[in-house]
Amino acid sequence: MTDLPKMNVESFNLDHTKVVAPYIRVADRKVLPHGDVLTKFDVRFCQPNVEHLEMPAVHSIEHSFAECVREISDDVIDFSPMGCQTGFYLIMSGEHTPQQAKELVLATMARMLTLDAVPAANEVQCGWGAHHSLDDMKDEVHAFLENSDVLLDVMR
């Protein structure tokens, strides 16, 4: 990067012009006061500053991943969309490698593709229940999975 100041947020120090999406990378690792470890992964779907996910896809990926991943792993704390709409943050308890995160993400996405409806896409369980698209979610997941062999190569 040029002469930009170092920021407190890890992703603000990432040179977004050098990465090649899609990818999975460790974005942060925190050791909590009592010794517990949190590992945060950047699960990037779209090339930064070139493309982005549409909000119904973001919303539906978030709901579907959050529900399906918990059928596979008890270590998941959160799966949250990035404000730039290019990917998600996956936060897990414990020490996890990018390869382990990749295996979890791929297994979760395979499960997501079997869904007949977006989980909790209704007014009772969601703050904007009508703002979902199962088809868009599946299209974006398929596109992500087409690159499964290079997901750990962040700077290709």
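Need the full-extension length gain, LEU152 to SER11, defined as separation in residues times 0.36 nm minus the C-alpha distance. One decimal, nm.
Numbers: separation 141, 0.36 × 141 = 50.76 nm, distance 1.69 nm.
Here the answer is 49.1 nm.
Only DSSP H runs of four or more residues enter the estimate; each adds -39500 (n - 2.57), and after division by the residues of the chain the mean residue ellipticity at 222 nm equals -8500 deg cm²/dmol. Modelled spin-label separation between ASP135 and ASP75, with each label point placed 7 Å from Cα along the Cα-to-Cβ direction: 3.7 nm. Normalising the average separation of contacting C-alpha pairs (under 8 angstrom, six or more residues apart) by the number of residues puts the relative contact order of segment 5-156 at 29 percent. Amide hydrogen proximity for THR86: with H placed 1.01 Å from N in the peptide plane, the residues at 5 or more positions away or on another chain lying under 5 Å are LEU53. Exposure check, 1.4 Å probe, all protein chains in place: ASP75 carries approximately 60 Å² of accessible surface.
Taking a straight line from the alpha carbon of LYS40, these aspartates and glutamates sit under 19 Å away, with near neighbours fewer than eight places off in the same chain left out: GLU10, ASP15, ASP28, GLU62, GLU67, ASP74, ASP75, ASP78, GLU95, GLU103, ASP153.
The 1.4 Å probe gives accessible areas that order CYS46, CYS84, largest first, as CYS84, CYS46. Ligands, DNA and RNA are left out, and with a 1.4 angstrom probe the accessible area of the chain is 55 Å² per residue.
Within the chain, what whole-number % of the accessible surface is contributed by carbon and sulfur, with the 1.4 Å probe and all protein chains included in the calculation?
Details: 4400 of 8550 Å².
Result for the chain: 51 percent of the exposed heavy-atom area is carbon or sulfur.
Here the contact order of segment 27-106, divided by its residue count and restricted to Cα pairs under 8 Å and six or more residues apart, works out to 36 percent.
In sequence order, segment 143-153 has phi-based couplings of 4, 4, 5, 4, 10, 4, 6, 10, 5, 8, 9 Hz under the Karplus curve 6.51 cos²θ - 1.76 cosθ + 1.60, θ = phi - 60°, and Gly or Pro positions carry x. Under 5 Å between amide hydrogens, built in the peptide plane, is the criterion, and for GLY94 it picks out VAL37, LEU38, THR39 among residues at least 5 positions away or on other chains.
Classify segment 44-127 from the C-alpha gyration tensor, please: rounded if a/c falls under 1.5, else prolate or oblate depending on whether a/b exceeds b/c.
On the way: a/c = 1.65, a/b = 1.09, b/c = 1.52.
Cα axes put segment 44-127 in the oblate bin.
The convex hull drawn around the Cα atoms of the chain, when projected onto a plane and averaged over every direction, covers 10.2 nm². Around the amide H of ALA27, modelled in the peptide plane, lie the amide H atoms of LYS40, PHE41, ASP42, all under 5 Å away and 5 or more residues distant in sequence or on another chain.
The values are calculated or read from the model by the stated rules, or taken from the named source; none is laboratory data. The structure presented is a predicted model; accordingly, all values stated were derived computationally and were not measured. When we count neighbours, we look across all protein chains shown, and the Cβ atoms used for this are built from the backbone with ideal geometry, even at glycine. SASA here: full protein model, heavy atoms, side chains in, ligands and nucleic acids out. Shrake-Rupley method; radii C 1.70, N 1.55, O 1.52, S 1.80 Å.
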